[in-house]
Amino acid sequence: MSVPEPTPLLAGTTAPPAEIYDVALLDLDGVVYVGPDAVPGVPDALASARSAGMRLGFVTNNAARTPEQVAEHLTELGVSAAPDDVITSSQAAATVVAESFGAGARVLPVGGPGVAAALTAAGLTVVARAEDGPVAVVQGYGREVGWTQLAEAVVAVRNGARHVATNADATIPSPRGPLPGNGAMVSVVREVTGQPPLVTGKPDPAMHAECVRRTGARRPLVVGDRLDTDIEGARRAGAASLLVLTGVTDPALLLAAPPEHRPDLLAADAAGLLSRHSAVTLVRGSWRCGAWTAHAGEGEDVLALEVAATAEDAAGDGLDGLRALCAAHWARHPDGGAQARVVASGAQARAAVDRWGLEAPPGEERWPG
């Protein structure tokens with residue numbers, strides 16, 4: 001699989017992604033559902049993507065549940081899924097441990113039932129205590145993880161067991177806002193033992209290697225809401241990526257993204273699999289996407305945005321202006337990390353920038369124009 005050219009968001013697509021890529025590797029939390037509920041419109045969009053010939057793989061760093069449980073939940077939400085369609089970070093961790101220590105190796109699981117189930121399925125021997133002599137501790141997310149499990153993990157790692165984390169996500173999305181994720185619990189074991197864990201979930205290439213192995217993808221498209229796991233993981237694995245704005249990433253975070261966190265495609269939600277994505281072009285020093293134009297403004301972090309079209313012409317998927325802003329800001333700050341402030345010209349541009357939650361420069365509390 002070749003690494004994509006480093007021109008995120010610029011190329012766009014000549015057809016809907018569902019007609020270009022053979023498999024969509026979809027993150028779950030923040031992409032297909034948030035909390036217990038499906039993202040509005042996504043079940044129908046995924047059904048349409050399947051009808052267009054795209055296969056779906058459901059990929060999650062959340063190791064709490066088994067593939068059977070995840071598939072059942074997806075089906076309840078209106079997304080047809082079988083256990084074989086689900087790839088969890090527990091499975092990636094189990095594969096890495098089995099390859100490192102061999103079949104039958106003793107492993108201590110920390111997390112929800114999905115962790116132990118994946119270890120067993122990989123031919124490893126699950127143990128319950130540090131005194132059982134595990135060669136590895138595999139730690140994944142679980143709502144019931146508490147002091148007892150963490151203490152057992154600490155003792156095992158101190159005794160020489162390899163600490164393997166299914167992922168290092170500090171937070172998980174929820175209807176109440178971000179909540180502690182597996183990374184927060186992993187940090188407890190790391191801080192007490194002083195041993196850095198081996199992380200096998202996204203963005204580690206082991207996770208996407210597991211996805212490709214299980215789905216047989218030849219041209220996968222990673223669909224995610226997190227820059228530091230989904231998008232970076234896709235880039236490290238040499239796969240194309242589609243960022244959706246239904247989870248933890250907002251436009252301000254996207255604009256400040258370093259190169260490894262910049263997606264190839266951008267959509268409001270997973271329905272972006274079904275529509276063509278506009279390209280961004282450089283025209284006389286300004287970045288143009290559809291009817292929208294962005295260019296550097298006065299000041300290191302200031303961008304100017306304008307739209308030269310009627311409201312109907314400029315509508316599209318509502319993100320062409322943001323694509324142009326990203327291209328302009330990334331060209332000015334190739335290493336990322338810079339906050340963007342936007343001067344918007346005209347009512348349509350002002351409404352879009354307000355909708356994206358972007359700031360005006362100091363002294364521009366009232367939009368010009």
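Using 0.36 nm per residue and subtracting the Cα-Cα separation, the extra length available between A351 and A338 on full extension is 2.4 nm.
For region 150-195, the set of trypsin sites (Lys or Arg not before Pro) satisfying both a DSSP loop assignment and a count of at most 12 other C-beta atoms within 10 Å is given as R176. Quick check: Cα centre of region 89-105 to Cα centre of region 136-175, how many Å? Here the answer is 16 Å between Cα centres.
So which GluC sites (Glu not before Pro) in region 69-176 pass both tests, a DSSP loop state and at most 16 other Cβ atoms within 10 Å of the Cβ?
Details: sites: E72, E76, E99, E131, E144, E152; in loops: E144.
Here the GluC sites (Glu not before Pro) that fit, given the DSSP loop and packing criteria, are E144.
Using a Förster distance of 30 Å, how high is the FRET efficiency between A103 and S51, based on the Cβ-Cβ distance and rounded to 0.05? Calculated value: 0.15.
DSSP assigns beta bridges within region 90-199; of those with both partners inside it, close to 15 percent run antiparallel. Only helices enter the 222 nm calculation for the chain: every DSSP H run of n ≥ 4 contributes -39,500 (n - 2.57), and dividing by all residues gives -9500 deg cm²/dmol, rounded to 500. Could you give the distance between the Cα centres of region 111-132 and region 65-79, to the whole Å? Between the Cα centre of region 111-132 and that of region 65-79, the gap is 22 Å.
Give a quick list of trypsin sites (Lys or Arg not before Pro) in region 212-288 that DSSP marks as loop, anything other than H, G, I, E or B, with at most 12 other Cβ atoms within 10 Å. It would help to have the intermediate numbers written out before the result.
Working: sites: R213, R214, R218, R226, R235, R236, R276, R284, R288; in loops: R218, R226, R276, R284.
Sparse-neighbourhood loop trypsin sites (Lys or Arg not before Pro): R218, R284.
Laboratory data are not the source of any read-out in this text; all were calculated from the coordinates shown. All values reported here derive from a predicted model rather than from experimental measurement. No Cβ is skipped: glycine too gets one built from the backbone with ideal geometry, and neighbour counts run over all protein chains shown.
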